[in-house]
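Have a look at the structure below, then the notes.
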Amino acid sequence: MSFSVLSSTAELHRWRKHQQSSVYFVPTMGALHRAHGQLIKSVQGFGSLQPAAVLVSVFVNPLQFGPAEDFDSYPRDLEADCELASRSGASALWAPSVDQVFPGGASSQFRIQVPSHLQAHLCGASRPGHFDGVVTVVARLLALVRPEVLVLGEKDWQQLVILRHLVAQLGLPVRVHGVATVRDDDGLACSSRNRYLMTQQRQQALALPQLLARAARESQDGRAVDLAGLRCAWEQLGLEVEYVETVDAFNLQPLHAGRKLCLLAAAVRCGETRLIDHTFLMSRQPIVAIDGPAGAGKSTVTRAFAERLGLLYLDTGAMYRAVTWLTQQHDVDPHDPVAVKTILENLELELEPSQSGPQKVRINGHDVTEAIRSPEVTSSVSVVAAHGCVRKALTAQQQRMGVRGGLVAEGRDIGTAVFPDAELKVFLTASPAERARRRALDLDNRGFPVPDLAELETQIEERDRMDSTREVAPLRQAEDATELISDGMSIEEVIETLIDLFRVQVPEEVWPTPGS
Ligand code: CDP
């Protein structure tokens, strides 16, 4: 595979014009090391945009250094950078001059200002103007490179969060791909500045990751994080602590460990060298809630999404369908709550949560995986599902299945009633006409008779009406859910959108993508 070294913007534009495949952009300040190699390699297996061309930029951005910081002495070694980028699978390395990136000089540039709440803590507090410099240069580089995907490390977590906000708020046409912090065997997070550390200092510096990891373990056992204790322990070991803080991992506001994903982050000086590191504090593994009306294609995309991310898949509609099937077997009037309640006594509903393939459903020992998809079950499931006793029993069972997290559940009330504290909530929908078309295809594939589309649309709308007007846990979009309207989107596009939404809420370090 050929590897190009580009310096001028003209060379960059020429290279860009010849790319047939998607361009993944890895912006760096050079002095590349193993972790940069990992950013480049992480592109394999990310999304379906293969094959990809990876462009690495090397640009020591003057805008992000304070007057007393190490801009002049920042390590630069272009030859070694080219060697590492090429070895890791990059297609090109672009090393522009300051004039190429900022014609007229850095001081005559427009600057983008990061909202103060995003930089009031952590590195933002001690490096005024730093993140304004970062977002300004990244916006400029994105305009020049026009990549499909921007690849960033989670090591600089605050930077990643701020850049995600920049891309979302300005509506920049690029996906952001975060990559977990890469560590050396001794646990120190890889960083270009590590090369400044003497052997003895490196030993001292190890206390940074070690004590963070210990605090994370203790937090999992229910112990509060002792920030003052951490500060004191590092200082006793000769590290000068700039900050040690816990913040909400996404809005970067002060927070103590609890239900929300909490970032415990610190910056220390070891001699002259500034080091940062972090860990995440979490009370259980992540949960994704996908709700939406009938026939929106939830099962297909949710199952594939679960498989890609190694999450368990829970189809709660199958549980309501199974109970409905049982009422029909026993000739119980689905409208009669007392009769339906008797069905629930001694109910044994087993779901084999799966990471691939259909989830097996057994009720009182019968395998009903296929039977619950019949038009007869579909026609009365919304009536059965509206009874408070049915909802109570099934919700309790679903919550038991989700105690440890690590799952994606789909249904009608997952984000509102079953897992209101899910990390990600999506309301997946499509127009009734589109949903009727999808349902017709599904019925045909399963060998059931297919009514005409107008009739299917009426049936679907009636079920939506019943589901959204019932008294207990009606179908509605949770306030904090993202609406995803899938008309005109391919299945793959929906899955990738879900993965991107997931990654905004759940870092790779907390839930790694299998095989990455
Ligand atoms: O696949 P489809 O969209 O047709 O529906 P499903 O997910 O199999 O759900 C069937 C029915 O179960 C829904 O129409 C609801 O009445 C009920 N249901 C519910 O009430 N709450 C859930 N969490 C899931 C399903």
**Complete:** Here, the chain modelled as identical Cα point scatterers in vacuum has Debye log10 I(q)/I(0) at q = 0.08, 0.11 Å⁻¹ of -0.61, -0.99
**Asked** Using the count of nearby Cβ atoms within 10 Å as a rough guide to exposure, how do 60, 338, 418 rank from fewest to most?
**Response** 338, 60, 418
**Request:** With +1 on each Lys and Arg Cβ and -1 on each Asp and Glu Cβ, and nothing else charged, work out how big the dipole of the chain is about its Cα centre, in Debye to the nearest 20.
**Result:** 740 debye
**Request:** Subtracting the Cα-Cα distance from 0.36 nm times the residue separation, let me have the gained length for residue 248 to residue 224 in nm, one decimal.
**Result:** 7.1 nm
**Message:** Translational diffusion coefficient of region 276-395 at 4 °C, 1.567 mPa s, Stokes-Einstein with Kirkwood Rh over Cα pairs, in µm²/s as a whole number.
**Reply:** 82 µm²/s
**Footprinting exposure proxy for 74, 320 (fewest neighbouring C-beta atoms within 10 Å first)** = 74, 320
**Request:** May I ask you to evaluate 6.51 cos²θ - 1.76 cosθ + 1.60, the Karplus curve with θ = phi - 60°, for each residue of region 150-166 and list the ³J(HN,Hα) values in order in whole Hz, giving x for glycine and proline?
**Result:** 9, 9, 9, x, 7, 3, 8, 4, 4, 4, 4, 4, 5, 5, 4, 4, 4
**Fill in**
With DSSP loop assignment and no more than 15 other C-beta atoms within 10 Å, the trypsin sites (Lys or Arg not before Pro) in region 388-455 are 404, 446
**Added length on full extension, which subtracts the Cα-Cα distance from 0.36 nm per residue, residue 109 to residue 338** = 75.2 nm
**Item:** Angle between the chain longest axis and helix 298-309 axis [Cα atoms, degrees, rounded to 10]
**Value:** 40 degrees
**Message:** Please give me, ordered by residue number, the GluC sites (Glu not before Pro) of region 67-100 that lie in loop per DSSP and have at most 13 other Cβ atoms within 10 Å.
**Reply:** 69
**Complete:** Calc'd 3J(HN,Hα), region 72-82, phi into Karplus 6.51 cos²θ - 1.76 cosθ + 1.60 (θ = phi - 60°), Hz, glycine/Pro = x, comes to 5, 8, 4, x, 10, 7, 5, 4, 5, 4, 4
**5 angstrom amide H check on residue 243, placed H, neighbours 5+ away** = 267
**Message:** Quick check on the exposure proxy: order 469, 279, 482 from fewest to most C-beta atoms within 10 angstrom.
**Reply:** 469, 482, 279
**Request:** About the Cα centre of region 307-390, how large is the charge dipole given +1 on each Lys and Arg Cβ and -1 on each Asp and Glu Cβ? Please answer in debye to the nearest 20.
**Result:** 240 debye
**Message:** If you scale each eigenvalue of the Cα gyration tensor by 5 and take the root, what three semi-axes come out for region 235-299, rounded to whole angstrom and sorted largest first?
**Reply:** 39, 11, 9
**Message:** Expected output is a single nm value to one decimal: the length gained when fully extending between residue 366 and residue 169, i.e. 0.36 nm times separation in residues minus the C-alpha distance. What is it?
**Reply:** 65.8 nm
**Item:** Estimated [θ] at 222 nm from DSSP helical runs (n ≥ 4, -39500 (n - 2.57)) normalised by residues in the chain, nearest 500
**Value:** -12000 deg cm²/dmol
**Message:** With Kirkwood's inverse mean 1/r over C-alpha pairs for Rh, give me the Rg to Rh ratio of region 176-269, two decimals please.
**Reply:** 0.97
**Message:** Projecting each Cα onto the charge dipole of the chain (Lys/Arg +1, Asp/Glu -1 at the beta carbon, about the Cα centre), which of 115, 328, 129 comes out farthest on the positive side?
**Reply:** 129
**Asked** Setting aside same-chain residues fewer than 8 positions from residue 425, which lysines have a Cα under 17 Å from its Cα?
**Response** 260, 298
**Message:** Using the crude model of +1 on Lys and Arg Cβ and -1 on Asp and Glu Cβ, and no other charge, please compute the dipole size for region 323-481 relative to its Cα centre, in debye to 20.
**Reply:** 340 debye
**Complete:** Counting only DSSP beta bridges with both partners in region 134-262, the antiparallel fraction in percent, to the nearest 5, comes to 40 percent
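Coordinate-derived values only; no laboratory data. Please read all numbers here as calculations on a predicted model, not as lab measurements. Glycine also receives a Cβ, built like all others from the backbone with ideal geometry; neighbour counts cover every protein chain displayed.
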